[in-house]
Amino acid sequence: MIPFNKPHITGKEFEYIQQAILSRNLSGDGVFTKKCHSFFENKYGFKKALLTTSCTDALEMVAILCNIKPGDEVIAPSYTFVSTVNAFVLRGATIKFIDSEQNTPNIDPSLIEQQITPNTKAIICVHYAGISCNMEALCEIAKKHNLILIEDVAQAIDGYYKEKPLGSFGTFSVFSFHETKNITCGEGGLLVINDEAYIKRAEIIRDKGTNRKSFINGEVDKYGWVDIGSSFLPSELNAAYLFAQLENLDNIQSKRKELWNYYYSKLKSLENNKFIHLPFVPNYSSNAAHSFYIVCNSLNERTQLISHLKTNGITAFFHHISLHNSMYYKEKHDGRNLPMSDYFTNNLVRLPLYFDLKLEEIDFICENIKAFYNK
Ligand SMILES: *Cc1c(COP(=O)(O)O)cnc(C)c1O
């Protein structure tokens, strides 16, 4: 069986976790957490990087930092993972879901302005599968309407819009190190803050609403409860694992891109013959190679394809059920049709893509897809 995903082990994880254990500082914000923070700040020029226990938790911090309250509206794509919006709903916001572009599952900037009201507080965009959103258009809308721009970079670590790193456009940006992502530590996340004004409060929220950080820095002589917050700090064991992965980021990314390109070249003829659609990478976007997907022509065809692949020992999945049609949000949605989001919900299939996947395995997967369409 070819699995859908297999977390890559670089080799250094064991040594760094051992170092973390022997350092007798396990709880967080120790040596390895600081190394991870510096890595992101230095490599991508992020103003402040703060590791969190997950991307979902980083988003919960963002919702608190934006002072989201009942009645506020947040603009988001419908075709995304639930965590992208759940944090804002937790604080009482209404989500204005926006459709995907015609040729990528990313948010379509041309549909945003008509949904902005005096209650709109923020726009969150998701760089789906490692392909950048149209950042110039999104930044312009956010600036014009004085809205906070947030980037969900969970699927696009080391991605770029033109030459600028994803995660450096938003006032806030969030990353995930879940087992299924390009770089992992099992469960983990990162909050990036690109506006100095929010850093101090973020450190408080991350540490249970206390000013412990100021105490450690010697700025106050005791610490206590100063704001709302929660326990968003990951342990040093997770940070140690993560740092081993980050040291190998370039290697991991170039391998994933090679596999992605190999899939693309193998399946191009099927697209030319109009059997399927392949991912579209706009010329402003790099390819962060998070996922390789194909788009079928109908839900029925996709169901049969996934089952054909399964019979032949290949695990392929679909994902992202339009959130505006989800069981939880359907009744709260304003009723607008979002046809492209539903199109990707019904027709998109993700194929196995992980560091240790072999080219021969991709050959085998692509032969099986071709056999399905040529029968
Ligand atoms: C994986 C993912 C998340 C959630 O990440 P966690 O670290 O598991 O909380 C959020 N948004 C998107 C777009 C994702 O793909």
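When residue 139 is tested against (1) away from the ligand (no atom under 14 Å from the Cβ); (2) among the hydrophobic types (A, V, I, L, M, F, W, C); (3) farther than 29 Å from residue 296 by Cβ; (4) open to solvent by less than 10 Å² (accessible area, probe 1.4 Å), only condition (4) is not met. Residue 127 satisfies every condition listed in (1) buried (at least 24 other Cβ atoms within 10 Å of the Cβ); (2) free of Cβ contacts under 8 Å to residues at least 60 places away in the same chain except (2). Only a single item in (1) among the polar types (S, T, N, Q); (2) out of contact with any helix residue (DSSP H, G or I) (no Cβ under 8 Å at 6 or more places or on another chain); (3) more than 16 Å from the ligand (Cβ to nearest atom) is not met by residue 27, and it is number (2).
Here the stretch 178-212 is the region considered, the condition is being in contact with an Asp or Glu (Cβ under 9 Å, 6 or more places away or on another chain) and in a strand (DSSP E or B), and the residue that is farthest from residue 251 (Cα to Cα) is 210.
Looking at 195, 158 in this structure, which one is under 30 Å from residue 242 (Cβ atoms) and away from the ligand (no atom under 16 Å from the Cβ)? Steps first, answer last, please.
Working: 158 fails: away from the ligand (no atom under 16 Å from the Cβ).
Every option except 195 fails the conditions.
Can you tell which of 88, 81, 175 is assigned to a strand (DSSP E or B) and touching a residue at least 24 places away in the same chain (Cβ under 8 Å)? Give the derivation first.
Details: 88 fails: assigned to a strand (DSSP E or B); 81 fails: assigned to a strand (DSSP E or B).
Within the list 88, 81, 175, the selection yields 175.
Condition test on residue 226, is it away from the ligand (no atom under 16 Å from the Cβ), at pLDDT below 95, farther than 24 Å from residue 8 by Cβ and hydrophobic (A, V, I, L, M, F, W, C)? Quick ask: steps written out before the conclusion?
Numbers: away from the ligand (no atom under 16 Å from the Cβ): yes; at pLDDT below 95: no; farther than 24 Å from residue 8 by Cβ: yes; hydrophobic (A, V, I, L, M, F, W, C): yes.
Considered against the rule, which asks whether it is away from the ligand (no atom under 16 Å from the Cβ), at pLDDT below 95, farther than 24 Å from residue 8 by Cβ and hydrophobic (A, V, I, L, M, F, W, C), residue 226 comes out as no.
Between 167, 189, the distinction of being within 16 Å of the chain's Cα centre (by Cα) and on the phi > 0 side of the Ramachandran plot belongs to 167 only. Applying a threshold of 7 Å to beta carbon distances and a minimum spacing of six or more residues, or different chains, the list of pairs starting in the stretch 41-59 at a residue that is under 23 Å from residue 250 (Cβ atoms) and ending at one that is within 11 Å of the ligand (Cβ to nearest atom) and in a helix (DSSP H, G or I) reads 55/83. Restricting the stretch 203-225 to residues that are touching a helix residue (DSSP H, G or I) at 6+ places or on another chain (Cβ under 6 Å) and of a type in the set (A, V, I, L, M), the residue that is nearest to residue 48 (Cα to Cα) is 205.
Name the single residue that is nearest to residue 137 (Cα to Cα) among those in the stretch 162-184 being within 12 Å of the ligand (Cβ to nearest atom), open to solvent by 10 Å² or more (accessible area, probe 1.4 Å) and out of contact with any Lys or Arg (no Cβ under 8 Å at 6 or more places or on another chain). Out of the qualifying residues, it is 176.
So for the stretch 329-338 (the condition being among the charged types (D, E, K, R), open to solvent by 50 Å² or more (accessible area, probe 1.4 Å) and under 18 Å from residue 363 (Cβ atoms)), does at least one residue qualify? No: zero hits.
Residue by residue, here is whether (1) closer than 20 Å to residue 323 by Cβ; (2) outside any strand (DSSP E or B) holds:
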position	(1), (2)
114	yes, yes
117	yes, yes
122	yes, no
125	yes, no
129	yes, yes
133	yes, yes
138	yes, yes
142	no, yes
149	yes, no
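Scanning the stretch 167-187 for residues that are under 29 Å from residue 13 (Cβ atoms) and touching a helix residue (DSSP H, G or I) at 6+ places or on another chain (Cβ under 8 Å) yields a count of 14. Residues in the stretch 220-252 that are crowded, with 22+ Cβ neighbours inside 10 Å, in contact with an Asp or Glu (Cβ under 6 Å, 6 or more places away or on another chain) and not in a loop (DSSP other than H, G, I, E, B): 1 in all. Could you list all residues from the stretch 329-370 that are without any contact (Cβ under 8 Å) to a residue 40 or more places away in the chain and under 30 Å from residue 93 (Cβ atoms)? Matches in the stretch 329-370: 330, 331, 335, 337, 342.
The values are calculated or read from the model by the stated rules, or taken from the named source; none is laboratory data. What you see is a predicted model; the values in this text were computed from it and never measured. Cβ coordinates were reconstructed from backbone atoms using ideal geometry, including for glycine residues, and neighbour counts include every protein chain displayed. When the accessible area is computed, the model is the full protein with side chains, heavy atoms only, and any ligands, DNA or RNA have been set aside. Shrake-Rupley method; radii C 1.70, N 1.55, O 1.52, S 1.80 Å.
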